[in-house]
Amino acid sequence: MNIENIKSVYFVGAGGIGMSALIRYFLSKGKLVAGYDRTPSELTEHLIKEGAQIHYEENVVLIPEACKDKATTLVIYTPAVPQEHAELAYFRNNGFEIQKRAQVLGTITRSSKGLCVAGTHGKTTTSTMTAHLLHQSHVGCTAFLGGISKNYETNLLLSSSSPYTVIEADEFDRSFHWLSPYMSVITATDADHLDIYGTEEAYLESFRHYTTLILPGGALIIHKDISLQPDVQPGVKVYTYARTEGDFHTENIRIGNGEIVIDFVAPDTRINDIRLGVPVSINIENGVAAMALAHLSGATDEEIKRGMASFRGVDRRFDFKIKNDKVVFLSDYAHHPAEIAQSVKSIRDLYQDKKITAIFQPHLYTRTRDFYKEFADSLSLLDEVILTDIYPAREQPIPGVTSQLIYDNLRPGIEKCMCKKEDILELLSQKQIEVLITLGAGDIDNYVPEITKQLTIEN
């Protein structure tokens, strides 16, 4: 279906961060946009104000009439919605054009030069950073982001003149195989989503296949420490990057007084004294990848330097809520053991002499079952761990799989407790908090405003 011929677009699972960027995109194109989501959220309320018609009851009667014409309606669904969902079944049984979010992004990337960021972790920050670098440069870009950019308060950037579209390439459900990248970064390939892939080998094979999709004339920028052997088409350049080695890297890293300053080294240029707008050490590597993409897309050295300093980050990614001499509180979306380890090390770099406490909400029963020992190892880098129940998302419980598995494997001597999420505020009121971080991709973030308020009053 040609996007230009569509009059209305219906979303099954409208409230997801990735879906909402597409909703905003189609609203900007003047289409009628409607959809279903399971629960109201701040994001769905914003989308309704912006013109989308969204309801929260699984009911075919509530689908607007305009969306019941299969000749002019495109239906977009998220794989997180069960296949037997009543509205999805209605569209399927009546022969509508139904596409995954990733298929639609694939169509959009084919009509532009796709700058795609893939990898187990780091992709949201790296793609948002890339989008910011290009947006504030003379190059410009359209961008579909996996998080809300704090510079723009949205996850969609639009340009009518730039040839580039920045996209977060998601490996869940092999979604990224729909894309046709012009250039791509791969940040990491630590095994994840084994409920989909089954084995680490199958996971790596999926990334190998993704590298074959990069268009000739384009480029792959791959982290130096990845076990993946890329398999690119002739005419695709392969570059490596890392913190201090590779074709793109940094030198002369200065960390102190809450600031990070670096020199960026590329094969054909060097940019000295770049200040990181979000000064956490994981952003050194994310920044190298983003600067590499921006540089290869034609942003000038001066534009890159200015953009790195003015980058304000992404909601829920190392998101500082309180930062003063008495208490520090931040929220982070980290939900994979390798991400949590990176997150904790980045905080430790900044606050070496303070007690660091984390509230962790595991995300998915399958991920907890597959990685509970690795989660325990990463969380053991903290001084204190508060564990909540597993957030199920799309899954049914698995017998014997609870947060207790992680709890029992934490290092001896660590301060630890289990806590229902609704009791978190009460528990925190009894503690002397120095540095606190909430970790997880579930609904733990709903408690962040209340925690912020409580810690502000107490300090």
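The values are calculated or read from the model by the stated rules, or taken from the named source; none is laboratory data. These numbers were taken from a predicted model, which means no experiment stands behind them. Here the Cβ is made from the backbone with ideal geometry for all residues, glycine too, and neighbour counts use every protein chain on show. The area values use the complete protein model at the heavy-atom level, side chains included, leaving out ligands, DNA and RNA. Shrake-Rupley method; radii C 1.70, N 1.55, O 1.52, S 1.80 Å.
Observations on the structure shown:
- Debye, to nearest 20: dipole size of region 319-458, +1 on Lys, Arg Cβ, -1 on Asp, Glu Cβ: 120 debye
- Region 1-31-region 36-51 distance, computed between alpha-carbon centres (Å): 13 Å
- Charge sum, other residues only, whose C-beta stays under 14 Å from L47's C-beta, Lys/Arg counted +1 and Asp/Glu -1: -2
- Charging the Cβ of each Asp and Glu at -1 and of each Lys and Arg at +1, and nothing else, the dipole of the chain about its Cα centre rounds to 880 debye.
- Aspartates and glutamates whose Cα lies under 17 Å from that of K354, excluding same-chain neighbours fewer than 8 positions away: D325, D383, E384, E415, E434
- In summary, the lysines within cross-link reach of K237, defined as a Cα separation below 29 angstrom excluding same-chain residues under 8 places away, comprise K113, K123, K224, K305.
- For R317, the accessible surface of its heavy atoms amounts to roughly 40 Å² (probe 1.4 Å, protein chains only, rounded to the nearest 10).
- Distant alpha-carbon pairs in region 353-414 (separation over 18 angstrom), percent: 31 percent
- Going by accessible surface with a 1.4 Å probe and the largest first, C417, C116 read C417, C116.
- Among H135, H121, the sequence by solvent-accessible area, most first, with a 1.4 Å probe is H135, H121.
- Listed residues M418, M19 arranged by accessible area, highest first, probe 1.4 Å: M418, M19
- Once Cα extents along the principal axes in Å is calculated for the structure shown, the corresponding label among (i) 63, 53, 43; (ii) 92, 44, 31; (iii) 71, 57, 41 turns out to be (i).
- Beta bridges assigned by DSSP with both partners in region 319-458 are antiparallel in approximately 15 percent of cases.
- Whole-number D in µm²/s for region 110-310 (Stokes-Einstein; Kirkwood sum over Cα pairs; 4 °C, 1.567 mPa s): 77 µm²/s
- Summed residue charge, Cβ within 14 Å of E259's Cβ, Lys/Arg positive, Asp/Glu negative: +1
- Residue separation of T154 and D353 scaled by 0.36 nm, minus their Cα-Cα distance, works out to 68.1 nm of gained length.
- Between region 135-186 and region 267-335, the Cα center-to-center distance that results, in Å: 17 Å
- At R0 = 35 Å, FRET efficiency that the Cβ-Cβ distance of T39 and R312 yields, to 0.05: 0.80
- For the residue pairs K49/K321; K150/K321; K323/K420, the C-alpha atoms sit more than 20 angstrom apart in K49/K321; K323/K420.
- Förster radius 30 Å - calculated FRET efficiency between Q83 and E251 (Cβ-Cβ, nearest 0.05): 0.05
- The ratio of the alpha-carbon radius of gyration of region 7-100 to the globular-protein estimate 2.2 N^0.38 Å is 0.95.
- Whole-number Å³ per residue for the convex hull built on Cα positions in region 319-458: 100 Å³
- Bridges between two residues of the chain, per DSSP, are antiparallel at a rate of about 25%.
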